[in-house]
Amino acid sequence: WLGTVVMAILTVLGMLLLMPVYATGENDMSDLPRLGLSNVEQESSRLWAPAIMIWVFSGIILYVIKKNYTELLAMRKETMKKGEPNHYTVLITKIPEEFDSEEKVREFMEPMYSEQIAHVKLVRNLKERERKTTELVKQKLKLVVAMKKAEDAKEKGEDPPMVKTGCCGLCGESVEAVPHYTQKVKEIREEIETKLRVEDAEYCKAAFVTFKTVSSAVKASRVKLTDEESWEIRAATRPTDITWPNLCSVKMKAVEDTAV
């Protein structure tokens, strides 16, 4: 876009100002060469026209570039003021075991960043909960399919769809599909809500600390919290760029560091 604007301006000025000077040159050429600099005689006073226009064109190009980048800079500043969620957040790893709650992590950091912390979120190992959630989705899909088949069977006056309760649905007792999958969904949901609660999951000794301003988060990511090897702090990346299982591999990483 910038090149198109510059070329459009220079083309118009060249046709209006330079072409008449070249066309009336002393060499009296014909056809296309008549509109070029070759139609002007050496040491002619007409050569001042292209010399001056070079500076005019250069000034126009620099002005357009400056104006364009000034607008881009203003847009960038506006975007940086708003920031993405991860711009406000830092990731802390290798947190000592005694700091096993969000309140304790906040209390540790508050003296250094008074009233700048918006909230703290501990990292927990939700692998088992994720597995059960995936299983729940699969059972819900099976329930939807079974309900559709049961509806079609009812319209045709046929028996409701059946399913075997054994391994992979290939053996075992045959039962009605809809009540079977309904019960499965209920059991898995209850297990997730009671036995696999987020707050009861394994603490990975890591936490995301979100600040109220981008500048506070940037400053925090560049400061070492302690002289010990614990409390490693860095700027947080986007959630999609994080390898979540690695956040719960602190013990393994400590063993690797020791070996190295």
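The values are calculated or read from the model by the stated rules, or taken from the named source; none is laboratory data. This one's a predicted model, so the numbers in the text were calculated from it and none came from an experiment. No Cβ is skipped: glycine too gets one built from the backbone with ideal geometry, and neighbour counts run over all protein chains shown. Each accessible area value is taken on the protein alone, full model and side chains, heavy atoms only, with ligands, DNA and RNA left out. Shrake-Rupley method; radii C 1.70, N 1.55, O 1.52, S 1.80 Å.
At-a-glance table
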item: So LYS142, is it open to solvent by 60 Å² or more (accessible area, probe 1.4 Å), touching a helix residue (DSSP H, G or I) at 6+ places or on another chain (Cβ under 7 Å), in a helix (DSSP H, G or I) and basic (Lys, Arg); result: yes
item: Leading residue by the ranking (modelled with the highest pLDDT) among those in the stretch 208-228 that are part of a loop (DSSP other than H, G, I, E, B) and either of a type in the set (Val, Ile, Thr) or under 18 Å from ARG106 (Cβ atoms) (or both); result: LYS212
item: Candidate set from the stretch 229-249 (those that are in a loop (DSSP other than H, G, I, E, B) and either more than 13 Å from LYS205 (Cα to Cα) or at pLDDT 80 or above (or both)); member that is most open to solvent (accessible area, probe 1.4 Å); result: GLU229
item: Residues being surrounded by fewer than 17 Cβ atoms within 10 Å (Cβ to Cβ), within 15 Å of LYS132 (Cα to Cα) and among the charged types (D, E, K, R) - total across the stretch 169-199; result: 8
item: Complete set of residues in the stretch 6-51 that are among the β-branched types (Val, Ile, Thr), surrounded by 13 or more Cβ atoms within 10 Å (Cβ to Cβ) and assigned to a helix (DSSP H, G or I); result: VAL6, ILE9, VAL21
item: Some residue of the stretch 67-87 being open to solvent by 70 Å² or more (accessible area, probe 1.4 Å), within 30 Å of TYR22 (Cα to Cα) and without any contact (Cβ under 8 Å) to a residue 40 or more places away in the chain; result: no
item: Given (1) modelled with pLDDT of 75 or more; (2) at negative phi, index of the condition LYS205 fails; result: (2)
item: Hits in the stretch 109-130 (condition: under 20 Å from THR243 (Cα atoms), outside any strand (DSSP E or B) and out of contact with any helix residue (DSSP H, G or I) (no Cβ under 8 Å at 6 or more places or on another chain)); result: GLU128, GLU130
item: Test: residue in the stretch 111-124 that is open to solvent by less than 50 Å² (accessible area, probe 1.4 Å), more than 26 Å from the chain's Cα centre (by Cα) and not charged (D, E, K, R); result: yes
item: Extreme residue, modelled with the highest pLDDT, among residues of the stretch 55-88 that are closer than 17 Å to HIS119 by Cα and in a helix (DSSP H, G or I); result: TYR88
item: The listed residue being out of contact with any Cys (no Cβ under 6 Å at 6 or more places or on another chain), surrounded by 13 or more Cβ atoms within 10 Å (Cβ to Cβ) and either part of a strand (DSSP E or B) or among the small types (Gly, Ala, Ser) (or both), out of LEU136, LEU91; result: LEU91
